[in-house]
Ligand code: PGA
């Protein structure tokens, strides 16, 4: 089974719509969709419309969604809203959302289920804290997060999800996981999917590494058997850097 690699930016709370437009203008024509890998970017809600209209062959993702369709949930955005404007990916369970906004694995499972019902692909983030890493608990934490966040999905859905293994200590710190650790943890994600959902799901699920990925180190990660892409924060914000990420993985 060949899995198409997926390189995805995560802008977090950066860029106004005008800044987003400038980014896509700068990227215009650079990604054609014919590359071996798929490229995309997760952007703030208010930038989504500009992104969909200007992203060309880049995929566009939201950075969060609510699992319910409508109602009295001030400040939330539903999956039907994302669907109507043409969004095809949604990041869920990012460690910043788990840490600052109490997003749990149970929320992730509900969001993933709702996203699949609208044919939007979830990019589900999992990963351990520095304390858990130091205590040798990575395997246990990753397994538990995966088991709980995938609860209720069918094997077919799990096969289509994108998993982003992001050790929290590597996010935004410049301290990326060494390649062997990243590969071992991405393999752990795949093996966990195999145990829970079978071979077919395990062979088709795409597993990204995330955490201080840059144009200078992305190649080493992409060369690993169980790493099918990257989720990239800081290095996805500037056009030049994004182009370098594309060049390094073409
Ligand atoms: P970083 O962020 O590339 O800036 O470390 C990664 C992420 O949070 O997805």
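For the reader, a short list of remarks on this structure follows.
- Helices in the chain, meaning DSSP H runs of at least 4 residues, each add -39500 (n - 2.57). Divided by all residues, the mean residue ellipticity at 222 nm is -12000 deg cm²/dmol.
- Shape category assigned to the chain from the gyration tensor of Cα positions, a/c cut at 1.5: rounded
- Shape category assigned to region 67-128 from the gyration tensor of Cα positions, a/c cut at 1.5: oblate
- Within a Gaussian network of the chain (alpha carbon springs, distance under 10 Å), most fluctuating of 42, 71, 136: 71
- The chain: most fluctuating residue of 86, 75, 198 per GNM, C-alpha cutoff 10 Å: 75
- Legend: calculated FRET efficiency, residue 77 to residue 135, from the Cβ-Cβ distance at R0 = 45 Å, rounded to 0.05, equals 0.80.
- Segment residue 243-residue 52, length gained on full extension (0.36 nm per residue, minus Cα span): 66.9 nm
- The stretch between residue 250 and residue 223, if pulled fully straight at 0.36 nm per residue, gains 8.5 nm over its current Cα-Cα span.
- C-alpha center-to-center spacing [region 111-149, region 213-250] in angstrom: 21
- Label-point gap, in nm, between residue 104 and residue 178 - each point 7 angstrom along Cα→Cβ: 3.7
The numbers here are math on the coordinates, done by the rules we state, and not lab data. Just so we're clear, the structure is a prediction, and the values are computed from it rather than from any experiment. Glycine also receives a Cβ, built like all others from the backbone with ideal geometry; neighbour counts cover every protein chain displayed.
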